[in-house]
Amino acid sequence: MIPADPPDLYGRCGFTYTALPVRVVFGRGTLARLAGEVEAMGCRRVLVLSSPEQAGDARGVADRLGGFGAGVFAGAAMHTPVAVTEQALAQVRAAGADGLLSLGGGSATGLGKALALRTGLPQVAVPTTYAGSEMTPILGQTENGRKTTQRDVRLLPQVVVYDVDLTLGLPVALSVTSGLNAIAHAVEALYAQDANPMTSALAEQGIASLARALPGVVADPADAGARSDALFGAWACGMCLGTVGMALHHKLCHVLGGSFDLPHAPVHAVILPYAVAYNSLAAAGPLARVARALGAEDPAAGLFALSGALGARRSLQEIGMLESDLDRAADLAVQSPYWNPRLVERDGIRALLDDAFFGRQPATGRPAPCNWESSHA
Ligand code: NAD
């Protein structure tokens, strides 16, 4: 059992919390409310954005919008390439669109944000994965092989419409890795430098919800109850990502995805238990809440067991990493590191990457210097 928060914890530690100004509509069949939401936002002609694979669904949404639709741009791609944004921008202008509606995962949402940045147009996001981008004021864009990330409240969609029914067809493998990607946001929120009681409560709820739901999704992908819990968890975890800073895990995934072209959600799924093991002593209090949410004794072992039970690939070698690149990955990971509860040291990171490459049981409890007293849990 995790003890209750000690008396006067928040008085002693203090915290800051900034709420995100976004309207959320959550449920089943909420797509039927889209036209009303678009109208309430003051828009008359919204351009629908999606990845090529969801072009048919995007056309269906544009049809449902009736007179509020201004066509479809179905060219969204992973990591928001600037060249794609420029093509979409030309279509926004040609169509005279006064709003943006992104339908899909983080790629479609990212395109909506990139266009909002350039035009100031309002956005509705309709997420169909568990990535959580719709709840964040964060955008990563790629140009000439470089990914740059920015945070600006103007990137945040004004309205997010979660329709559980849209996730019933999300392929199982993507559901699993996307769900583990969401859990990673909440795990790092619990030990964030700017952790606060609001985000931490939501983080624990999000982890518990996804950990309970994902086995149900694997057993029956069309189980609306499990899908509803998973999407609720994704919302909660996305709120965490949007509200507080991320640490070592997200830095490692940024390096591995950006410099070694590993796929976004699978790399999160592999790395999470190892990043947690690395931080296990430095952030023992917050990570005890992860264990509680998972119903596990140890947070890293619990996450490793969860991804194994869900059938996720658990090693970097299985998702395309080369062993000869591990040294360079360690070098990049320790350059301008994100704040992390345990100091980010090259030897420790190289050992972490080695364990992750081979998919070994994560080794917890390596004594190490800390950045932070584990005092806010
Ligand atoms: P994605 O958006 O690239 O989607 C992967 C594939 O699944 C696409 O082909 C998509 O069309 C398809 N798909 C999505 N939902 C589907 C559904 N319900 N049914 C069938 N197919 C579906 O993948 P993702 O993991 O959601 O997003 C990854 C991208 O999002 C990356 O570029 C990442 O950097 C970004 N991201 C950004 C943030 C942020 O806060 N800025 C947060 C998380 C992820």
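The values are calculated or read from the model by the stated rules, or taken from the named source; none is laboratory data. These numbers were taken from a predicted model, which means no experiment stands behind them. Note that we place each Cβ from the backbone using ideal geometry, even for glycine, and neighbour counts take in every protein chain shown. These accessible areas exclude ligands, DNA and RNA; they are computed on the full protein's heavy atoms, side chains included. Shrake-Rupley method; radii C 1.70, N 1.55, O 1.52, S 1.80 Å.
Evaluate the Kirkwood expression for the hydrodynamic radius of segment 1-159, namely the inverse of the mean inverse distance over all pairs of different C-alpha atoms, and round to one decimal in Å.
16.5 Å
Taking the Cα centre as origin and putting +1 on Lys and Arg beta-carbons and -1 on Asp and Glu beta-carbons, what dipole magnitude results for segment 18-142, to the nearest 20 debye?
About 180 debye.
Which of Asp163, Asp57, Asp152 ends up with the largest GNM mean-square fluctuation for the chain, with Cα atoms connected below 10 Å?
Of Asp163, Asp57, Asp152, the Gaussian network model singles out Asp152 as fluctuating most.
Any idea what the alpha-carbon Rg over 2.2 N^0.38 Å comes to for the chain?
For the chain, the normalised Cα radius of gyration is 0.96.
Hey, can you find the accessible area per residue of segment 23-167 for me, probe 1.4 Å, expressed in square angstrom?
39 Å²
Normalised by the number of residues in the chain, what is the relative contact order in percent for Cα pairs under 8 Å and 6+ residues apart?
15 percent
Taking the Cα centre of each part, how many Å lie between segment 234-304 and segment 191-227?
13 Å
Along the positive direction of the dipole of segment 296-347 (beta-carbon charges: Lys, Arg +1; Asp, Glu -1; about the Cα centre), which of Pro299, Val334, Gly311 reaches farthest?
Positive-most Cα among the choices belongs to Gly311.
With the other protein chains left in place, how much accessible area per residue, in square angstrom, belongs to segment 296-341 at a 1.4 angstrom probe?
About 48 Å² of surface per residue is accessible.
Ignoring ligands, DNA and RNA, what percent of the 1.4 Å accessible area of the chain is carbon and sulfur?
The computed percentage sits at 52.
Before I look further, what does segment 191-267 give for accessible area per residue, probe 1.4 Å, in whole square angstrom?
That works out to 29 Å² per residue.
Per q in 0.15, 0.16, 0.24 Å⁻¹, report the Debye log10 I(q)/I(0) for segment 127-214, using one uniform scatterer on each alpha carbon and no solvent.
The calculated log intensity ratios at q = 0.15, 0.16, 0.24 Å⁻¹ are -0.71, -0.80, -1.32.
Please give the helix 55-65 orientation as an angle from the longest Cα principal axis of the chain, in degrees from 0 to 90, rounded to the nearest 10.
60 degrees
Based on the alpha-carbon set only, what is the convex hull volume of segment 212-364 divided per residue, in Å³?
That works out to 113 Å³ per residue.
Can you find, among Phe260, Ala40, Tyr162, the residue sitting farthest towards the positive end of the charge dipole of the chain, where Lys and Arg contribute +1 and Asp and Glu -1 at Cβ?
After comparing all options, I get Ala40.
Inverting the mean 1/r over all pairs of different Cα atoms, compute the Kirkwood radius of segment 45-106 and quote it in Å.
One decimal place: 11.4 Å for the Kirkwood radius.
Which whole-number percent gives the relative contact order of segment 16-149, counting Cα pairs below 8 Å spaced six or more residues apart?
Reported relative contact order: 22 percent.
Using only the Cα atoms of segment 291-358, what semi-axes does the equivalent ellipsoid have when each is the square root of 5 times a gyration tensor eigenvalue? Give whole Å, largest first.
Semi-axes from the Cα gyration tensor: 24, 18, 8 Å.
Given the C-alpha centroids of segment 126-169 and segment 1-76, what is the distance between them in whole angstrom?
9 Å
When averaged across all projection directions, what area in nm² does the alpha-carbon convex hull of segment 91-170 cover?
5.9 nm²
Which one, Thr199, Thr149, Thr167, has the greatest fluctuation when you compute a Gaussian network model over the chain with C-alpha springs under 10 angstrom?
Among Thr199, Thr149, Thr167, the largest mean-square fluctuation in the Gaussian network model of the chain belongs to Thr149.
Counting pairs of alpha carbon atoms under 8 Å apart in space and at least six apart in sequence, what relative contact order in percent does segment 278-329 give?
Contact order relative to length: 17 percent.
Compute, for the chain, the length of the dipole vector about the Cα centre, with Cβ point charges of +1 (Lys, Arg) and -1 (Asp, Glu) only. Units Debye, rounded to 20.
620 debye
For the chain, with a Gaussian network of springs between Cα atoms less than 10 Å apart, report the residue from Ile138, Ile271, Ile183 with the top mean-square fluctuation.
Among Ile138, Ile271, Ile183, the largest GNM mean-square fluctuation belongs to Ile138.
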